[in-house]
Structures are given as C-alpha cells and as structure tokens.
Amino acid sequence: MPSPYVQTIADFMTRAASARAAGVRDVAAIQARAQASRGSNTGNLIASLGNAAAGTIGQIMQDRREAPLRAMDLRTRELALQGQERDAAFQDQAAKASKDFSGWIQSRPTLPTAEEVVGRYGPELGARFIGVLKTIHPDLKVSERDPTKDVIDQNGNVITPGTPKAPDPREPAHVSLRTSYRDR
C-alpha cells in the first residue's frame, strides 16, 4: 500500500491543474447564478409591470361597466331631491290655499259648489277641500261628477270624462266642397 505522503511529480502537476479547474468552475457557477438572478429580476419586473397594466385596464373596464349604474344612482338622487322640493312646494301651496279657502268660504253667503271649488283650486286641492266641506257639512250636495278624474289637456283646459271633446282650434274645420245634393 503506498503511503499517502508520497506523491509523484505528475500528482503534483495534476493537483494544481485540478485546483485551477475547480476555481474556474466555481467562478463560472457564480457568474451563472448572477446571470440567472439578473434574468429572474428582469422577469419579475416585467411581470409586475404587466400585472399593473392589467390591473389598470381591469379597473378602467370596471369603471366603464359601473358608470351607467353610478349615473342611474345620481339621477335617482336628483329625482328624489326634486320630489322632495315639489312636495315642500305643494305643502306650501296647500297651506296658502287652505288660508285662502277659509277666507273664501267665510266671505260667501252660501257654500260653493264642487265645480267652483275645483275651478278655483284645481283638481287635487279642490278634491281635498270638497272632502273637508263634506265632513263639516254632511248634508252638502255635490254633483255626481268626480273632479279628481278630470284631465287637463296640453292647453290647460279641463276635460271631464264622458263629455264630448271640443274641436281643436288648430285643426282645420271639415269643409265640404259640395254645395248641394244636386252637385253629386
């Protein structure tokens, strides 16, 4: 068995070459790991940019999908506010009309007819005041016509259901070209 302490010159020469080769391998491995790390970092950067762009595009698409809903919600709020304003204005008008109605009733020697009340205060308030008059004076005779079912045309005229329609003054009247039966 040869001694581990005895070596030849060839052994010494291969040992130096092996050490150099191992050093070169180690350097190459370190450079390869550094290059892989740079590639991985670049890949992560590109992936994060892609994710950010996709997230932004997704957010834009979601905003576009939700825009009509937000517009409808805003319109609903506006209409609710307008309704509240109309209700407040109607309550104010009703309070003023109620004072006027009290004064009007007291200044008259007799109670007004339903047509007079509706003509003065309109169908909605007129119907309310007629109801008040009926509770105060149960023997009050009111016409069979229900003024709350009246319709107001585009000219502001009251049309009672069941009455013949008045001719529209804007439409030409039917004019017969025949002067007599002989002209047939």
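Subtracting the Cα-Cα distance of Ala16 and Gln59 from their residue separation scaled by 0.36 nm leaves 9.1 nm. Only one residue of Asn44, Ile130, Gly83 has its Cα farthest out toward the positive end of the dipole of the stretch 9-137, where Lys and Arg carry +1 and Asp and Glu -1 on Cβ, and that residue is Asn44. Compared with the alpha-carbon gap, the fully stretched path from His137 to Ala32 is longer by 27.2 nm at 0.36 nm per residue. The protection proxy used here, the mean number of other Cβ atoms lying within 10 Å of each residue, ranks peptides 97-103, 77-83 as follows, highest first: 97-103, 77-83. Computed from the C-beta positions of Arg75 and Thr110, the FRET efficiency with R₀ = 41 Å rounds to 0.25.
For the pair Arg25 and Ala47, a Förster radius of 25 Å applied to the C-beta separation gives a FRET efficiency near 0.20, rounded to the nearest 0.05. Most tightly packed first, judged by the mean number of other beta-carbon atoms within 10 Å of their residues, the peptides 62-71, 121-130 read 121-130, 62-71.
Taken together, the values in this text are just the output of simple stated rules run on the coordinates, not laboratory data. Everything numeric here is computed off the predicted structure, so don't read it as measured data. Neighbour counts run over all protein chains shown; Cβ positions are idealised from the backbone, glycine included.
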